[in-house]
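J.: Quick one: this structure, given as structure tokens, is what I'll be asking you about.
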Amino acid sequence: MAETKVKKAKELKDEEPKNLKKVAKSGLKTMRKTRKHHPLREEGRIIKYGASGFTRNFWLSSAATAVMSITLIILFATVVASVILTNTAEMMRDKIDITIYFKPVTSRETLDELTEIISSDSNTKSVVTSDSKEEYEKFLAENAGSDEIINVLDDEMKELMISKMQATMRIKVYNVDNLDSIKDLVETNEVFQKYLDDEKQPTYDVNQAEIATITSWARIARTGGIILAVVFLVISILIIFSTIRMAIFSRREEIYMMKLVGADRRFIRGPFLVEAELCGVLAGLIAATTSYFGFMWLAPRLSNYGINVDEIVGILQSNKLIIMFLIFIGIGIIIGRVSSRLAVSKYLHKA
Amino acid sequence: MILLDSVTKIYPGDHKPALDSVSLHIEPNEFVFLVGKSGAGKSTLMKMITKEEIPDSGKIIIGGIDLDYVKKRHIPGYRRRLGVVFQDFKLLPRRTVYENVAFALEIAGMSGKEIRKTVPKVLELVDLSDQAKKFPRQLSGGQQQRVSIARSVARQPKILIADEPTANLDKLTTEEIIQLLKKINDFGTTILVTTHNEGIVNTLQKRVVTMKDGKIVADQKNGGIYKLDETPQPKLPKHLIQTPGHALKNKPKRIIQ
């Protein structure tokens, strides 16, 4: 009797691995067969549950949407500030020119010759010259409304003024930081030396400090804008991540239950992603609308302070406005998706 | 239908095993009570069956599936084949009674038409047809447990396991829940219920498996609870190992026609 039991136990031990593999294979096959896979149907259900979650968790959805909207507005403000500061700096740089004064006797032909010489420098963007007569005409035009001045300008006076007024050359450059080559040219060229006015010195030395200041402001605006945008983006993502994480933390039990009744990862994660994406779409719309009306209200006020807002106003008044809305919505969706995916994954690994 | 062979589990940091070489065989269509005090190892055994926990050694075969071969990606599919009822109901709080039951069918990929046909029938079975639109918080404990049962049987599983399903309920509701489980068992579903309520065990006169300190100390076919030294460890029947598919062949009747 005991021998038979031992024999049976041995048989059982020998047969076990082989038969159990069979069990496993047949069982798993049946298990897989029972699964009906309809991607479209699943996708529809995920969207449906995401949308219902969005409305049923109204307060949390609102909080996440609000934080996202603020993030997007900050991003817009940072980008706009960077663009308008750069544009303003460019505009101011464009106004800067070097003025060189020549003796009143300098003729138009000489001025043309001098223009040719200065244009040979690669930093020269444009050159405008005027001889003594033209300077006088300019003076007349500038004082056209002043009868007191016009009335005293008889022929004798006119001749006297023309004989005293210096001819001028105004040079605009590509790079205001490097004026040495032009300076050298003016100081060493024989023709320039011959006609340069003895009383009035060229103005590039006087403007150098202003040029440097504006240049450094433009640089600060560009670099600062980029740094600010990155810092705000990181802070905002962290805030949104925490908000969504809190929302999901309050529903961790739900995730656990879903797993226990056999929901797969996609089905559990999907509705949370859809919910966060809906927050992103809504936040994108709110932020784009607020930014649009906010900037359009602010633009004329900024313009009064000499800030160049033309480029941004141009974009907002063109067809590009739709693209701006789409970018806002797109960023909202990306922020929502990334944050919720990170937040859900923590609870998906449990159970 | 449920087969555990020398299953041992020691939780990290514990010296005593939560399950100590446990062997158990439950035939198709059986109704089994798993009884024992808190800490006896009942819940760990249930977690082994749902693959929430993995044994340190031993073999577990459920409905013809060897759990060693059920990889992480297969777990949702495996769990969909089981009906599971929990002590704390584990209903989705933001979904209605109807949606909670429908959820179990949706994750199985059932069509909307089939779901709309099945859910009312299941709710009728648990006598909750008039509560379909309510949320779990609006229901009593007994009603919530009936929703949990409805969700677990909606997919018509061959095996239903219930972990302390009556622990949070009063005496009358407990009786109702047990009768409902018996009704489901009458349709051919194998049922394993853990409890420490001796009263319901003895009145139903079904098979009772008693656990103590991570071991099975008694196994009686017709109710009642054995004492530790009177009961030998159950042996693993050889015929089950040799004909592994038989559990699948013995199909139970459909709960919902």
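J.: Pick out, from B:His74, B:Thr210, B:Ser38, the residue whose Cα sits farthest towards the positive end of the charge dipole of chain B, with +1 on the Cβ of Lys and Arg and -1 on the Cβ of Asp and Glu.
T.: B:His74
J.: Determine the sum of side-chain charges near A:Ser107: Lys and Arg each +1, Asp and Glu each -1, restricted to other residues whose C-beta is under 12 angstrom from that of A:Ser107. Don't skip to the answer; put the middle values down first.
T.: Values: positive: A:Lys103, A:Arg108, A:Lys133; negative: A:Glu109, A:Asp112, A:Glu113, A:Asp131, A:Glu134.
Charge balance in the 12 Å sphere: -2.
J.: So which aspartates and glutamates pass the test for B:Lys72, namely a Cα distance under 19 Å, with those fewer than 8 places away in the same chain ruled out?
T.: Here the aspartates and glutamates satisfying the reach criterion relative to B:Lys72 are A:Asp264, B:Glu52, B:Glu53, B:Asp56.
J.: With only Lys, Arg, Asp and Glu charged, each at its Cβ (+1 for the first two, -1 for the last two), find how big the charge dipole of region A:294-351 is about the Cα centre; round to the nearest 20 debye.
T.: Roughly 520 debye for region A:294-351.
J.: Turning to a different aspect of this structure: When each pair of different Cα atoms in region A:119-165 is counted once in the 1/r mean, what is the Kirkwood radius in angstroms, to one decimal?
T.: 12.5
J.: Count the lysine pairs in region A:104-196 whose Cα atoms lie under 19 Å apart, taking only pairs 8 or more positions apart in sequence or on different chains.
T.: Summing the qualifying lysine pairs gives 9.
J.: Based on the Cβ-Cβ distance from A:Glu253 to A:Ala66, what FRET efficiency comes out when R0 is 30 Å, to the nearest 0.05?
T.: Efficiency computed from Cβ-Cβ geometry: 0.70.
J.: Same structure, new question: Given chain B, what percent of its DSSP beta bridges are antiparallel, to the nearest 5?
T.: Counting DSSP beta bridges with both partners in chain B, the antiparallel share is about 50 percent.
J.: In degrees, nearest 10, range 0 to 90: what is the angle between the Cα axis of helix B:171-186 and the longest Cα principal axis of chain B?
T.: For helix B:171-186, the angle is close to 80 degrees.
J.: Right, next: Among A:Val191, A:Ser132, A:Leu160, whose Cα sits farthest toward the positive end of the charge dipole of region A:104-196 (+1 at Cβ of Lys/Arg, -1 at Cβ of Asp/Glu, about the Cα centre)?
T.: A:Val191
J.: What does the charge count near A:Gln193 come to, summing +1 for each Lys or Arg and -1 for each Asp or Glu among other residues with Cβ under 14 Å from its Cβ? Write out the running numbers ahead of the final one.
T.: On the way: positive: A:Lys103, A:Lys183, A:Lys194; negative: A:Glu113, A:Asp184, A:Glu187, A:Glu190, A:Asp197, A:Asp198.
After counting each charged neighbour, the total is -3.
J.: Note down the Stokes-Einstein diffusion coefficient of region A:281-324 in µm²/s, whole number, using a Kirkwood radius over alpha carbon pairs, 10 °C, and 1.306 mPa s.
T.: Translational diffusion coefficient: 143 µm²/s.
J.: Helix B:97-106: angle to the longest alpha-carbon principal axis of chain B, degrees 0 to 90, nearest 10?
T.: Taking Cα atoms only, the helix is inclined about 70 degrees.
J.: Please give the average number of partner chain Cβ atoms lying within 10 Å of the Cβ of each residue in A:245-256, rounded to a whole number.
T.: Whole-number average of other-chain Cβ neighbours for A:245-256 is 1.
J.: Given H placed 1.01 Å from N in the peptide plane, which residues other than close sequence neighbours of B:Gly36 have an amide H under 5 Å from its amide H?
T.: Distant-sequence amide H within range of B:Gly36: B:Thr195, B:Met211.
J.: When each pair of different Cα atoms in chain B is counted once in the 1/r mean, what is the Kirkwood radius in angstroms, to one decimal?
T.: Values: mean 1/r = 0.0534 Å⁻¹.
Computed over Cα pairs of chain B, the Kirkwood hydrodynamic radius comes out at 18.7 Å.
J.: To the nearest 20 debye, what is the magnitude of the charge dipole of region A:104-196 about its Cα centre, counting +1 on the Cβ of each Lys and Arg and -1 on the Cβ of each Asp and Glu?
T.: Result for region A:104-196 is approximately 260 debye, rounded to the nearest 20.
J.: Find which of A:Leu114, A:Val176, A:Ser146 sits farthest along the positive direction of the dipole of region A:104-196, computed with +1 on the beta-carbon of Lys and Arg, -1 on that of Asp and Glu, about the Cα centre.
T.: Value: A:Val176.
J.: On to the next question. Assigning unit charges at the beta carbon (Lys, Arg +1; Asp, Glu -1) and nothing else, what dipole magnitude in debye, to the nearest 20, does chain B show about its Cα centre?
T.: On the way: 42 positive and 28 negative charges, 210 e Å.
The dipole magnitude comes to about 1000 debye.
J.: Can you compute 3J(HN,Hα) from phi for each residue in region B:125-134, using the Karplus curve 6.51 cos²θ - 1.76 cosθ + 1.60 with θ = phi - 60°, rounded to whole Hz and x for Gly and Pro?
T.: Once θ is set to phi - 60°, the couplings for region B:125-134 become 4, 9, 6, 10, 4, 7, 10, 3, 8, 7 Hz.
J.: I'd like the Karplus ³J(HN,Hα) series for region A:43-58: coefficients 6.51, -1.76, 1.60, θ = phi - 60°, whole numbers in Hz, and an x wherever there's a Gly or Pro.
T.: 4, x, 5, 4, 5, 4, 5, x, 5, 5, x, 4, 7, 6, 9, 3
J.: Highest GNM mean-square fluctuation, chain B, Cα pairs closer than 10 Å: which of B:Thr96, B:Thr189, B:Thr166?
T.: In the Gaussian network model the winner is B:Thr96.
No value in this document is a laboratory result; all are computed from the given coordinates. On a predicted model such as this, the values are computed, not experimentally measured, just so you know. Positions of Cβ are backbone-derived with ideal geometry, glycine not excepted, and every protein chain shown enters the neighbour counts.
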